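One structure is given below, encoded as structure tokens.
The values are calculated or read from the model by the stated rules, or taken from the named source; none is laboratory data. None of these values were measured; they are calculated from a predicted model. In this analysis, Cβ positions are derived from the backbone assuming ideal geometry, glycine residues included, and neighbour counts consider all displayed protein chains. Accessible surface areas use protein heavy atoms only, side chains included; no ligands, DNA or RNA. Shrake-Rupley method; radii C 1.70, N 1.55, O 1.52, S 1.80 Å.
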Amino acid sequence: MIYLFYFGLGLCLIIIQTTIIPFIYFLGRFYDLIIPLVLFLSAHRPVQKGIPLILIIGFIMDCLSGGAFGLYCISYMWLYLVVGGMTTYVHAHSAILLIFMVAVGTVIENVFFIVTAGSAASLFSMHALQSFISQSIWAMITGAFMLIALESIQSIWDRWSAEKRS
Amino acid sequence: MFSKRMVTIVGVLILIVLTIMLLTITAQHRSHPNILTRLAINCVSPFQELVSSSIRTCQQIWKNYFSLVAVAYENERLRSALNKAYELNNRCLETQRSNERLRALLEFKETNKAFQLVAAEVIGRDPSYWAKTMMIDKGEADGIQKGFPVVVHRGIVGQIIEMTGHFSKVLLIIDQNSAVDSLLQRTRVRGIIKGDSTRSFFFEYVLRKGSVKIGDMVISSGLDGVYPKGLRVGTVSEILRSNSGIFQEIKVTPYVDFEKLEEVFVLFKPPHPAIQQ
């Protein structure tokens, strides 16, 4: 049931970032809103259940995106694995870590995109740098809030499930 | 046989290779959308369309609202500008008409150099229907005295009946109590002009034998001791000759439009010392 909720949330985020965000001009280059969800799932959900979910969400993003097919799937999968691996060594609930996790996740995804686009030189261009900075700043400002909100939802859900079971 | 660490490393390496292969293939060959892709697009796109159209509607409303506000401001500004233009135009027209009147008065003054004239502005009128008087802005301080005739370039207006330091009251010749000794310019037939209404007055005491025609000009005779000789009064508009009586009944239309008087001249009968200086 909770995975269905996360799937719905992922769909909502996809719709928001493909429809509403482009209309808000002052946001400029905004980061991928799915990244906080992927990071959250990787920190809180087992691989065997989390990976299929983010692959489905990535698949939908790939369907809607004009880039190389599978790019989002792979980006999300690697983000999931890397952050999942990291959480075994660091405390995933630290606020500062959350802020930087989203920012780093955004940069990693962008590197994937640029490399896949076939031009490694563009990775070091001014546009790429501006894009990285803009997205990272937005990720740091809003990403942590999204992760905190997701954690709150998760705890509410857990309490509700426990009450239901008892 | 293999340690867990070894398996992880190999797994990661395989994943990297698979990633590179997959991305290389998909980046170069964009395959046609399969059923799953179509399904995903068909599921998500209606929501995208809904949200996008809602945003566009909101944007349109917002934009229209702002453009309406801008139009309202512009409308207000243009109205204000139009009112100012109207006011300016009106002032120009007033100046032009005033200029025309003053030119006519000046011309009258030039052609009547024999008289001492003082220009005055009409500042008030008698509201009563029965009394035909008006106030002018010149009085004793300007040398005006009772009985001084008041004229305009078109003809006789009336005479001063009261004055204060700077203002005077003028009895118009259309008042029932006013009388002007006059004569017809063409035949020199004498009579008395008596006030009747704003539109006409009576030329009375004209003998039946006197030759009068409609359109004859009536001028002041100068015998009443008030108005100088030769000032225009009006034109004969109607003649009634009854079988009995020794006088004719003649109606005269004044030259002066008493409703539109704004500036007048006061004639100094005996030249005032102040004016002489």
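Residue-level check: of (1) open to solvent by 30 Å² or more (accessible area, probe 1.4 Å); (2) modelled with pLDDT under 80, A:Leu55 misses just (2).
Tell me, yes or no, whether segment A:50-60 has at least one residue that is among the small types (Gly, Ala, Ser), out of contact with any strand residue (DSSP E or B) (no Cβ under 9 Å at 6 or more places or on another chain) and not in a helix (DSSP H, G or I). Step through it out loud before you land on a result.
Narrowing segment A:50-60 to residues among the small types (Gly, Ala, Ser): A:50, A:58.
Applying the additional criterion that residues be out of contact with any strand residue (DSSP E or B) (no Cβ under 9 Å at 6 or more places or on another chain) yields A:50, A:58.
If we keep only those that are not in a helix (DSSP H, G or I) too, we end up with none.
Within segment A:50-60, none of the residues are among the small types (Gly, Ala, Ser), out of contact with any strand residue (DSSP E or B) (no Cβ under 9 Å at 6 or more places or on another chain) and not in a helix (DSSP H, G or I).
Selection of segment B:89-141 for residues being acidic (Asp, Glu), within 26 Å of the chain's Cα centre (by Cα) and in the same structural domain as B:Phe265 (by TED's automatic domain parsing) yields B:Glu121, B:Asp126, B:Asp137. Is it the case, given these coordinates, that B:Met6 is at pLDDT below 80, more than 24 Å from A:Ala68 (Cα to Cα) and loosely packed, with under 13 Cβ neighbours inside 10 Å? Spelling it out, it is not the case that B:Met6 is at pLDDT below 80, more than 24 Å from A:Ala68 (Cα to Cα) and loosely packed, with under 13 Cβ neighbours inside 10 Å. Note on segment B:193-213: residues that are open to solvent by 40 Å² or more (accessible area, probe 1.4 Å) and either under 22 Å from B:Thr133 (Cβ atoms) or touching a residue at least 60 places away in the same chain (Cβ under 8 Å) (or both) total 6. Which pairs do you get when a residue that is at the interface with chain B (Cβ under 7 Å from one of its Cβ atoms), found in segment A:49-78, comes within reach of a residue that is open to solvent by 30 Å² or more (accessible area, probe 1.4 Å) and of a type in the set (A, V, I, L, M), reach meaning Cβ atoms under 7 angstrom, with the pair 6+ apart or on two chains? Once the first residue is at the interface with chain B (Cβ under 7 Å from one of its Cβ atoms) and sits in segment A:49-78, its partners that are open to solvent by 30 Å² or more (accessible area, probe 1.4 Å) and of a type in the set (A, V, I, L, M) give A:Cys63/B:Ile41; A:Leu64/B:Ile41; A:Ala68/B:Ala27; A:Gly70/B:Leu22; A:Ile74/B:Leu22.
Residues that are assigned to a helix (DSSP H, G or I), surrounded by fewer than 20 Cβ atoms within 10 Å (Cβ to Cβ) and in contact with an Asp or Glu (Cβ under 9 Å, 6 or more places away or on another chain): does segment A:20-37 have at least one? Full working, then the answer.
Within segment A:20-37, the first condition is being assigned to a helix (DSSP H, G or I), and the residues that meet it are A:20-23, A:25-27, A:34-37.
Those still in the list that are surrounded by fewer than 20 Cβ atoms within 10 Å (Cβ to Cβ) too: A:20-23, A:25-27.
Going one step further and asking which of them are in contact with an Asp or Glu (Cβ under 9 Å, 6 or more places away or on another chain), we end up with none.
Checked against the condition, which is being assigned to a helix (DSSP H, G or I), surrounded by fewer than 20 Cβ atoms within 10 Å (Cβ to Cβ) and in contact with an Asp or Glu (Cβ under 9 Å, 6 or more places away or on another chain), segment A:20-37 yields no hits at all.
Would you point out which residue out of B:Val44, B:Val51, B:Val12 is more than 30 Å from A:Val82 (Cα to Cα), of a type in the set (A, V, I, L, M), open to solvent by less than 80 Å² (accessible area, probe 1.4 Å) and within 14 Å of chain A (Cβ to nearest Cβ)?
Numbers: B:Val44 fails: more than 30 Å from A:Val82 (Cα to Cα); B:Val12 fails: more than 30 Å from A:Val82 (Cα to Cα).
B:Val51 is the lone residue from the list that is more than 30 Å from A:Val82 (Cα to Cα), of a type in the set (A, V, I, L, M), open to solvent by less than 80 Å² (accessible area, probe 1.4 Å) and within 14 Å of chain A (Cβ to nearest Cβ).
The residue that is farthest from B:Val150 (Cα to Cα), counting only those in segment B:214-250 that are surrounded by fewer than 13 Cβ atoms within 10 Å (Cβ to Cβ), out of contact with any strand residue (DSSP E or B) (no Cβ under 7 Å at 6 or more places or on another chain) and not hydroxyl-bearing (Ser, Thr, Tyr), is B:Asn243. Across segment B:155-172, the number of residues qualifying as more than 14 Å from B:Arg125 (Cα to Cα) and touching a helix residue (DSSP H, G or I) at 6+ places or on another chain (Cβ under 9 Å) comes to 4.
Within segment A:3-26, can one find any residue that is touching a residue at least 40 places away in the same chain (Cβ under 8 Å), away from every other protein chain (no Cβ under 14 Å), within 21 Å of A:Ser136 (Cα to Cα) and among the hydrophobic types (A, V, I, L, M, F, W, C)? No, the conditions are met nowhere in segment A:3-26.
Right, A:Ile96: farther than 21 Å from A:Ser131 by Cα, of a type in the set (A, V, I, L, M) and open to solvent by 50 Å² or more (accessible area, probe 1.4 Å) or not? Talk me through it step by step, then tell me what you get.
Details: farther than 21 Å from A:Ser131 by Cα: yes; of a type in the set (A, V, I, L, M): yes; open to solvent by 50 Å² or more (accessible area, probe 1.4 Å): yes.
When the stated conditions are applied, A:Ile96 passes them.
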